[in-house]
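A.B. asks: One structure, as structure tokens, below. Some questions next.
The values are calculated or read from the model by the stated rules, or taken from the named source; none is laboratory data. Computed from a prediction, not measured in an experiment: that's the story for all the values here. Methodologically, a virtual Cβ is constructed for each residue, glycine included, from the backbone with ideal geometry; neighbour enumeration extends over all protein chains shown.
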Protein chains: 4
Amino acid sequence: MKEYKSRIRIEWAHCDAAGIVFYPYFYTWFDQATERLFTANGLGYGDLKREFGVVGMPLVESGATYRNACHMVDSVEQTTWVDEWTGRTFVVKHRLIRSDGRPALEGFERRAWVVPAPDSSKGIKAIAVPQTAIDRFRD
Amino acid sequence: MKEYKSRIRIEWAHCDAAGIVFYPYFYTWFDQATERLFTANGLGYGDLKREFGVVGMPLVESGATYRNACHMVDSVEQTTWVDEWTGRTFVVKHRLIRSDGRPALEGFERRAWVVPAPDSSKGIKAIAVPQTAIDRFRD
Amino acid sequence: MKEYKSRIRIEWAHCDAAGIVFYPYFYTWFDQATERLFTANGLGYGDLKREFGVVGMPLVESGATYRNACHMVDSVEQTTWVDEWTGRTFVVKHRLIRSDGRPALEGFERRAWVVPAPDSSKGIKAIAVPQTAIDRFRD
Amino acid sequence: MKEYKSRIRIEWAHCDAAGIVFYPYFYTWFDQATERLFTANGLGYGDLKREFGVVGMPLVESGATYRNACHMVDSVEQTTWVDEWTGRTFVVKHRLIRSDGRPALEGFERRAWVVPAPDSSKGIKAIAVPQTAIDRFRD
């Protein structure tokens, strides 16, 4: 699967005192959609560990550009895809569109593909994402 | 006040299955530190409304670059300052340093200074930040 | 609709350092499921305000009893219903069952049905839930 | 230390569309205050593991009774103490008072003291809290 689509209904739980989504929630949705895209391709966290020895996909960078606010009760469509495989890291992009067709925001996460490295000071190290994993992100 | 410093102890409540801070939390801390810096300068949300008619500081853009993970029980120091006043928007920067002196992450929020605009489709509009507000961010 | 059923996949975003759901999340799910049940019955927050002048359903009491932990990647079924209408308040119950059929937890929220009361110190007051609202919670 | 006192300033990040604390946050504050009380007594999560082989303090039950809403910008005082040691479980209580002296809410967590149990189906088991741990909760 190349793109993962989520439908998110903006609820009371997500909104701040202005009645719009409290912005850190968007990053939680990015994280969840990334997990869902990977899981749909047989790369859930359990699979990653079992098949690739991967113990996580820590963030290297993240960001978002906000176009139009998401108001309570609205429903947004989030599209998620891997935009770029760049050796030991990769970029996941997320685009959220409001139900009126207007863009809500675009965001990205650059993550690393990490395995245990008992000898390093961090205990983990990033290695190149194997082609067999990359190949799964096709329709 | 030019810079606001927060001390954050990394707790169970912040950490994911890898025992490090779940990254959207950093943006919550950005939001809180921005509010604290503004409040320290007499620009809390109540003041903003009363004195400037400002009904919020919605996000235009946000982002972060991660250097070293924040582990449970560690204590990080977050420094927050307005890096740039650019007319109707401004950039707040946040730098987090771990207790071992290593950089944890740097992040930013570009926010707009908005007042009600009943005639516009959004109901709000961004206006130039008044100099009297900017002048408060001095030591 | 009498009962609302949600399917929740336990994700990285929900889990703590023990790899199980960080417990305050359950209350967020309670809040969301209550909103969904009410919305399914034409009593979303917008409807409540428009039709009944209701400005919220603040909590009077909440609680949960935990049976078996919810682990990452598991999928749980949450069933939500109004258990009791008691004049100005009502009790919403939530039961979560793991995919292996074991109970995860049961919880409840006692909420009040409140309308504006400009003369009161709190600015709101609880009134008896109208029978026309209660009647909607039928199959 | 018998009682742990936290001062919480209600911020934008905590508030819902009604401008009051979104209630699951109170449970996050319970969790944090419990950790802080235990840590103040030399029973942080690291200590628990090292000294007692304890791998967590999972919830058995939790609950709260809400008296008066916590509004943005208000500052509340949270007092936390272990109310009862009952063998393999214990009850932590939390009382939050608003800055105007009115009660905000009272809550509790019943938690278990658990160690690894590789042979059990859950992988963990609750054991009696040792007296040497209990003895630390004195002034």
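A.B. asks: When the stretch D:106-124 is examined, which residues are found to be touching a Pro at 6+ places or on another chain (Cβ under 9 Å), at pLDDT below 95 and either part of a loop (DSSP other than H, G, I, E, B) or away from chain C (no Cβ under 12 Å) (or both)?
C.D. replies: Pass one, the stretch D:106-124, residues touching a Pro at 6+ places or on another chain (Cβ under 9 Å): D:111-114, D:123-124.
So of that shortlist, the ones also at pLDDT below 95 come out as D:123-124.
Listed by number, the list holds a single entry, D:Gly123.
A.B. asks: Could you tell me which residue of the stretch B:1-46 is modelled with the lowest pLDDT, considering only residues that are in a helix (DSSP H, G or I) and more than 15 Å from the chain's Cα centre (by Cα)?
C.D. replies: Checked the stretch B:1-46; the qualifying residue modelled with the lowest pLDDT is B:Gly46.
A.B. asks: Something else: Would you check which residues across the stretch C:47-60 are hydrophobic (A, V, I, L, M, F, W, C), in contact (Cβ under 8 Å) with a residue 60 or more places away in the chain and either buried (at least 19 other Cβ atoms within 10 Å of the Cβ) or not in a helix (DSSP H, G or I) (or both) and list them?
C.D. replies: If we filter the stretch C:47-60 for residues that are hydrophobic (A, V, I, L, M, F, W, C), which is where we start, we get C:48, C:52, C:54-55, C:57, C:59-60.
Among the residues that remain, those that are also in contact (Cβ under 8 Å) with a residue 60 or more places away in the chain are: C:52, C:54-55.
C:Val54, C:Val55 - these are the residues of the stretch C:47-60 that are hydrophobic (A, V, I, L, M, F, W, C), in contact (Cβ under 8 Å) with a residue 60 or more places away in the chain and either buried (at least 19 other Cβ atoms within 10 Å of the Cβ) or not in a helix (DSSP H, G or I) (or both).
A.B. asks: Select from the stretch B:28-58 the residues that are within 14 Å of chain A (Cβ to nearest Cβ) and aliphatic (A, V, I, L, M) and write down the one among them that is farthest from A:Gly19 (Cα to Cα). Step through it out loud before you land on a result.
C.D. replies: Here is the first cut: in the stretch B:28-58, the residues within 14 Å of chain A (Cβ to nearest Cβ) are B:28-35, B:44-46, B:48-49, B:54-58.
Now restrict to residues that are aliphatic (A, V, I, L, M): B:33, B:48, B:54-55, B:57.
Numbers: B:Ala33: 21, B:Leu48: 18, B:Val54: 16, B:Val55: 12, B:Met57: 13 Å.
For the stretch B:28-58, the residue satisfying everything is B:Ala33.
A.B. asks: Taking the stretch C:87-105, which residues are assigned to a strand (DSSP E or B) and either crowded, with 16+ Cβ neighbours inside 10 Å or under 16 Å from the mean Cα position of the chain (by Cα) (or both)?
C.D. replies: Restricting attention to the stretch C:87-105, the residues satisfying the condition of being assigned to a strand (DSSP E or B) are C:89-97, C:103-105.
Hits for the stretch C:87-105 are C:Thr89, C:Phe90, C:Val91, C:Val92, C:Lys93, C:His94, C:Arg95, C:Leu96, C:Ile97, C:Ala104, C:Leu105.
A.B. asks: Related question: Can you pull out every residue in the stretch C:114-126 that is farther than 27 Å from D:Glu61 by Cβ and either in contact with a strand residue (DSSP E or B) (Cβ under 7 Å, 6 or more places away or on another chain) or not hydroxyl-bearing (Ser, Thr, Tyr) (or both)?
C.D. replies: Going residue by residue through the stretch C:114-126, those that are farther than 27 Å from D:Glu61 by Cβ are C:114-125.
Scanning the stretch C:114-126 gives C:Val114, C:Val115, C:Pro116, C:Ala117, C:Pro118, C:Asp119, C:Lys122, C:Gly123, C:Ile124, C:Lys125.
A.B. asks: Then there's this: Can you name every residue in the stretch B:1-24 that is of a type in the set (A, V, I, L, M, F, W, C) and closer than 30 Å to B:Asp139 by Cα?
C.D. replies: B:Met1, B:Ile8, B:Ile10
A.B. asks: Taking the criterion of being touching a helix residue (DSSP H, G or I) at 6+ places or on another chain (Cβ under 9 Å), at the interface with chain C (Cβ under 9 Å from one of its Cβ atoms) and under 24 Å from C:Ala17 (Cβ atoms), would at least one residue in the stretch D:68-83 satisfy it?
C.D. replies: Looking for residues that are touching a helix residue (DSSP H, G or I) at 6+ places or on another chain (Cβ under 9 Å), at the interface with chain C (Cβ under 9 Å from one of its Cβ atoms) and under 24 Å from C:Ala17 (Cβ atoms), one finds none in the stretch D:68-83, hence no.
A.B. asks: Would you tally the residues in the stretch B:1-27 being touching a residue at least 40 places away in the same chain (Cβ under 8 Å), more than 14 Å from chain A (Cβ to nearest Cβ) and closer than 22 Å to C:Ile20 by Cα?
C.D. replies: So the count comes out to 4.
A.B. asks: Of the residues D:Val73, D:Val60, D:Val55, D:Val82, only one is among the hydrophobic types (A, V, I, L, M, F, W, C), at pLDDT below 95 and under 17 Å from the mean Cα position of the chain (by Cα); which?
C.D. replies: Only one candidate qualifies: D:Val55.
A.B. asks: If C:Asn68 satisfies every condition in (1) out of contact with any Lys or Arg (no Cβ under 6 Å at 6 or more places or on another chain); (2) not in a strand (DSSP E or B) but one, which is the exception?
C.D. replies: (1)
A.B. asks: If only one of D:Phe137, D:Phe90 is closer than 24 Å to B:Ser75 by Cβ and of a type outside the set (S, T, N, Q), which one is it?
C.D. replies: Only one candidate qualifies: D:Phe137.
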